[in-house]
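The values are calculated or read from the model by the stated rules, or taken from the named source; none is laboratory data. These numbers were taken from a predicted model, which means no experiment stands behind them. Please note: Cβ atoms are built from the backbone with ideal geometry, for glycine as well, and neighbour counts cover all protein chains shown. Each accessible area value is taken on the protein alone, full model and side chains, heavy atoms only, with ligands, DNA and RNA left out. Shrake-Rupley method; radii C 1.70, N 1.55, O 1.52, S 1.80 Å.
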Amino acid sequence: MAHIHKKMKKGRPYYYVRETARVNGKSKVVSQIYLGSAERIAQLASGGKAAEYTKLAVEEYGALWLANLMDSFVELAPIVDSVIKKGKSEKGASLGEYFLYAVLNRMIDTTSKRALPDWYRATAVQQIRPVDVDELTSERYFEKWDRVKEKDLQKIASLFSSKIVKLEKPKSGCFLFDTTNYYTYMAGQTDSDLAKRGKNKEGKNWLRQVGVALLVSREGEIPLFYREYEGNRHDSKLFARILDEVFSAMKSSFSGDLTVVFDKGMNSEDNIAAIDAKEGMHFITTYSPSYAEELIRVKRSEFKPVETPKNLHLEKLGKGEDRLVAFSTSGEFWEKERTVVVTFNPLTAAKQRYSFDKKLLDLRDLLQELKTKLNQSQKWKEKVLKHYQDYCRQLHLPDDLYEVMVEENKKDKKSVLVFRKD
């Protein structure tokens, strides 16, 4: 609490506004503002010239206060401390408190653990959630983290998700499941069960990465389950490994029929069969049109606009021709009759047409270049077709968009490259 504090300096009294709080069970000064001598305080009170020298402390307050308010409902620190008890000789903030102060920083303005003390010094943390900021060092974080085992982390995550569900119960049985990966700059010789080289979404396949799978509720996108996994593991194999845990998280969150939504990366006969075997369990996934060409050839007149917020917005803007349209039918997939929805997005199609046309031009330029090289040197005779096919793979295009042939010129018996667009 705030109070006036007097200090004697060379026999003269000077006054401060001090604020104290209990930090780690002990009373500690968390804020101190210098007021000056008794005469200066009198001038301040009477609105005299001394008031011109009043100083203001500028500190981050609003975001930190709001983040701490959110935690007052979740109570992360007690959850962590219920799993990992405080050691007998352990002093200062608990492991759960260390978790929380790192989380608050990540919610507002992410910094490294080394920079964490300086960041908190520029905030009003002592008025919001008092802590000995000097103890929030990267060394102390490493000491605390060494006490956390994998089974402890999973237990903490389970308790956290249970608490979230109590606070924000899903309003329907529809859940979204997806995976992503995060690349690291970890050295190749450093041992790691998770950091592996694999297909990276940023295209940095030479870096070691860690995969993360996440299940959220459709409304509010409340996290209900997560799992980290090896960076070189395929999504469908990961999905098969954790399916039971995903189903369990869904069942514990909602009573009734359940639907899990995922993308085609999780598709496999075993995964679909496992979902079909669960009573009251349904799924929605995407499917490559290259495996159902008859659905691509449905006339555009069969497609109808879908009632989505974006479509309604486009209609208000007078851009009805840009609306997403869909066609509903049924078909046999994975040995069962399924409901099928085929969608067509004019805006996406336009972008894809532009991209495709640009790739075709790039392909033509390469063929022109290969033709010139073959004319200059017959050594290229055995190379041109392979270069063309390699470039097609690089552009993610089939190699039959152009008819490409190496023929012999009847006049000089030299090989020439002949190509035409199919």
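Selection among Tyr120, Trp145, Pro346 by position relative to the dipole of the chain gives Tyr120 as farthest towards the positive end (Cβ unit charges, Cα centre). Projected onto its three principal axes, the C-alpha set of the range 201-241 covers 37, 23, 13 Å, listed from the longest axis down. Cross-link partners of Lys278 among aspartates and glutamates, defined as those whose alpha carbon lies under 14 angstrom from its own and excluding same-chain residues fewer than eight positions apart: Asp244, Glu245, Asp257, Asp270. The residues of the chain have, on average, 66 Å² of accessible surface per residue, using a 1.4 Å probe with all protein chains present.
Evaluated with a Cβ-only charge set (Lys, Arg +1; Asp, Glu -1), the chain carries a dipole of roughly 1720 debye about its Cα centre, given to the nearest 20. Here is how the number arises for the chain: DSSP H runs of 4 or more residues each give -39500 (n - 2.57), the sum is divided by the residue count, and the result at 222 nm is -11500 deg cm²/dmol.
A simple spin-label model places the labels of Glu315 and Glu150 5.2 nm from each other, with each point 7 Å out along Cα-to-Cβ. Looking only at the chain, where both bridge partners belong to it, what percent of the DSSP beta bridges are antiparallel (to the nearest 5)? Roughly 85 percent of the DSSP beta bridges within the chain come out antiparallel. In summary, the lysines within cross-link reach of Lys310, defined as a Cα separation below 20 angstrom excluding same-chain residues under 8 places away, comprise Lys319, Lys351. If only the Cβ of Lys and Arg carry +1 and only the Cβ of Asp and Glu carry -1, the dipole of the range 279-422 around its Cα centre is close to 840 debye. The fraction of Cα-Cα pairs per 20 angstrom bin, counted from 0 for the chain, comes to 16, 37, 29, 15, 4, 0 percent, rounded to whole percents.
When the surface is traced with a 1.4 Å probe over the full set of protein chains, Glu337 keeps roughly 130 Å² accessible. When the alpha carbon coordinates of the range 56-157 are projected onto the principal axes, the ranges are 46, 29, 23 Å, largest first. What FRET efficiency comes out for Lys336 versus Lys166 if R0 is 45 angstrom and r is the Cβ-Cβ distance? Round to the nearest 0.05. About 0.80, to the nearest 0.05. For the chain, take the longest principal axis of its alpha carbons; what is the angle in degrees between that and the long axis of helix 95-108, to the nearest 10 within 0 to 90? Roughly 60 degrees between the two axes. Between Asp71 and Ala292, the simple spin-label model (points 7 angstrom out along Cα→Cβ) gives 4.8 nm.
Give me the distance between the Cα centres of the range 336-357 and the range 216-256, rounded to whole Å. Taking the Cα centre of the range 216-256 as reference, the centre of the range 336-357 is 27 Å away. Taking the protein heavy atoms of the range 226-295 in the context of the full set of protein chains, the accessible area attributed to carbon and sulfur is 48 percent at 1.4 Å. In the chain, the longest principal axis of the Cα atoms and the axis of helix 150-167 are about 80 degrees apart.
The orientation-averaged projected area of the convex hull spanned by the Cα atoms of the range 337-422 comes to 8.2 nm².
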